[in-house]
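The block underneath contains the structure these notes are about, expressed in structure tokens.
The values are calculated or read from the model by the stated rules, or taken from the named source; none is laboratory data. Keep in mind that this is a model prediction, so the values were computed, not measured. All Cβ positions, glycine included, derive from the backbone under ideal geometry; neighbour counts span all protein chains shown. Areas reflect the complete protein model, heavy atoms only, side chains present, ligands, DNA and RNA absent. Shrake-Rupley method; radii C 1.70, N 1.55, O 1.52, S 1.80 Å.
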Amino acid sequence: MTSRPWLAAWQDALYGADGFYRSNAAAEHFRTSVHAGPLLAAALAQLAASCDLRRVVDVGSGRGELLIALADADPRLSLLGVDVVARPPGLPSSVDWLVAPGGADLPADLDARDALVVAHEWLDDVPCPVLAVGDDGALRVVEVDDDGFEHVGGDASRDELAWAARWWPTTRPGDRVEVGLPRERAWADLLARADGSVLLAVDYSHDRLSRPSAGTLVGYRDGRAVPPVADGSCDITAHVALDALAGAGVRTSQRRALQALGVDAARPAPALATTDPMGYL
Ligand SMILES: C[S@@+](CC[C@H](N)C(=O)[O-])C[C@H]1O[C@@H](n2cnc3c(N)ncnc32)[C@H](O)[C@@H]1O
């Protein structure tokens with residue numbers, strides 16, 4: 001069986017003609033804060049208002065779940081969803097929609113100016129090269145076949161090595177490095193289209209002090225973590241080196257950011273779990 005570098009296999013598995021996200025919605029397989037209730041949308045509507053912005057662009061908008069909640073939270077907002085599928089049926093009329101190629105590539109006609117631009121768990125789904133340290137301490141490209149078996153391939157490129165030296169330095173045999181370059185290119189592309197905007201990336205992340213030596217590549221299907229097999233049968237994701245994003249301003253935890261926007265983090269009364277389990281969750 002032939003193997004390919006993770007970057008190509010991952011891109012194909014999620015965004016190729018039969019890719020996972022061509023026919024699967026994130027919400028069918030896992031829950032994010034977007035699906036957990038109206039609190040995130042209310043906080044984002046408040047953030048937009050406090051920045052005097054009347055427009056929200058949601059990159060990686062799934063089936064428009066956050067946009068629907070935003071239209072509820074503030075019907076005056078003009079909303080734009082961007083994802084790899086056609087405009088989902090049933091969206092409010094205030095929601096416009098653009099189809100993206102997927103991964104690091106954004107639609108050519110995406111105009112993200114003068115908006116609150118939200119990328120909620122987009123970047124972790126932007127495929128990136130995976131490298132592994134060999135016994136000689138050198139970084140090589142990890143390849144994978146369609147059954148998920150990995151092989152160590154050729155030398156890493158000069159750009160990949162330079163990125164690893166700066167952001168994820170390691171020479172310990174067996175360590176892995178998930179090279180953030182495609183995420184940074186994607187983010188820089190978004191930033192370049194977003195004059196007068198506030199950009200918000202929400203994602204699983206690590207920084208130079210907390211890089212996981214075994215990497216974070218994993219699959220998700222039907223609500224469970226599964227081995228990352230690049231055959232289109234599961235989501236494939238890896239945490240984001242958020243500190244390496246160009247122009248990344250303030251980095252904070254979602255908890256602190258939401259608390260600053262007035263979302264109460266206190267647990268509901270335990271009795272609610274028996275009378276209204278979903279409300280409690
Ligand atoms: C993990 S899901 C997150 C969905 C939603 N934002 C949420 O938090 O529930 C990632 C989404 O990003 C989308 N995506 C991937 N590459 C994209 C791109 N270049 N432009 C727009 N959406 C993209 C995927 O199709 C998928 O719907």
*Roughly to the nearest percent, how much of the accessible area of the chain is carbon and sulfur, given a 1.4 Å probe?*
53
_With viscosity set to 0.890 mPa s at 25 °C, what whole-number translational diffusion coefficient in µm²/s follows for the chain from Stokes-Einstein and a Kirkwood radius over Cα pairs?_
123
*Enter the accessible area per residue of the chain (Å², integer; probe 1.4 Å; all protein chains in place).*
49
*Local electrostatic count at THR237 - Lys and Arg +1, Asp and Glu -1, tallied over other residues with Cβ under 12 Å*: -4
*For helix 181-192, report the angle its Cα long axis makes with the longest principal axis of the Cα atoms of the chain; keep it between 0 and 90° and round to the nearest 10°.*
40
_Tilt relative to the chain, helix 39-50 - C-alpha long axis, 0 to 90 degrees, to 10_ = 80
_Helix axis angle, 6-15 relative to the chain longest principal axis, alpha carbon, degrees_ = 30
*asked:* Taking R0 as 22 Å, what FRET efficiency do you get between ASP276 and ASP222 from their Cβ-Cβ distance, rounded to the nearest 0.05?
replied: 0.30
*Read phi for every residue in the stretch 120-134 and hand back ³J(HN,Hα) as whole Hz from Karplus 6.51 cos²θ - 1.76 cosθ + 1.60, θ = phi - 60°, with x for Gly and Pro.*
8, 6, 8, 5, 5, 9, 8, x, 9, x, 10, 10, 9, 7, x
*Taking K and R as +1 and D and E as -1, what net charge do the other residues with C-beta under 13 Å from the C-beta of ALA115 add up to?*
-2
